[in-house]
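Take a look at the structure below.
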Amino acid sequence: MTSFKSFIAAIAFMVAPLVHAHGEFFIHDAYARATAPGAPNSAAFMVLDNQSKVLKRVVSASTPAAKRVELHEHAMVDGMMEMRQIAQILVPEGEQVTLKPGGLHVMLFDLTQPLKVGEHISLTLNTADGHSLTKQIPVKSVMDGMQHHSDEGNHHHE
């Protein structure tokens, strides 16, 4: 009987994406930036993949690893590159949007503990149509050439 049940489950699994549009919205290659001890904030990057027939709007995100999570972009403002919060990230139907250092990203504020390379955190993205997508994402070391004030004074190596 178990093979019959698994057969039915397989059919249900194949049909599910047709019934639930959010079954066609994916997160690929997601990771969070490792932090130095005492650093209060981090960021998460990923590829948002919308294989559905409708525009997807990511409107919020959350993780147990941070008290506050915001959607951010880097934008040129008066000749200066600024990071600013945005209300949503649009992922057109059939397209991918890449969140990467220096571009769109998810900011993690007031971390509950330092993010160490090799660990994983749970990240949930919420869409405007009321669906959420939760993924365990790895913590990686990210060097993006941006200067951080916490690096000042750390130029003395053994």
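We did not get these values from a lab; they are worked out from the coordinates using the rules stated. Small disclaimer: the values here were computed from a predicted structure and weren't measured. Note: ideal-geometry Cβ built from the backbone for every residue, glycine included; neighbour counts use all protein chains shown.
On the beta carbon distance between Gln88 and Glu119, with R0 = 22 Å, the FRET formula returns roughly 0.15. For the stretch 120-128, 3J(HN,Hα) computed residue by residue from phi via the Karplus equation (6.51, -1.76, 1.60; θ = phi - 60°) reads 10, 10, 8, 10, 10, 10, 10, 9, 5 Hz, glycine and proline entered as x. Across the alpha-carbon atoms of the stretch 24-143, the computed radius of gyration and Dmax are 14.0, 44 angstrom. Taking amide H as placed 1.01 Å from N in the peptide plane, the amide H of Leu104 sits under 5 Å from that of His74, each at least 5 places away or on another chain.
Taking amide H positions as modeled 1.01 Å from N, with prolines and chain starts lacking one, the residues under 5 Å from Ser60 and 5 or more places away or on another chain are Asn126.
Just the projected area, averaged over all directions, of the convex hull on the alpha carbon atoms of the stretch 60-131: how many nm²? The partial results should precede the final answer.
Numbers: hull surface 25.6 nm².
Mean projected area for the stretch 60-131: 6.4 nm², to one decimal.
Rounded to the nearest 0.05, the FRET efficiency derived from the C-beta distance between Met143 and Leu55 at R0 = 22 Å is 0.05. With both labels modelled 7 Å from their Cα along Cα-to-Cβ, the Arg68 to His28 distance reads 3.4 nm. Inter-label distance, Ser132 to Thr112: 1.3 nm, where each label sits 7 Å from its Cα along the C-beta direction.
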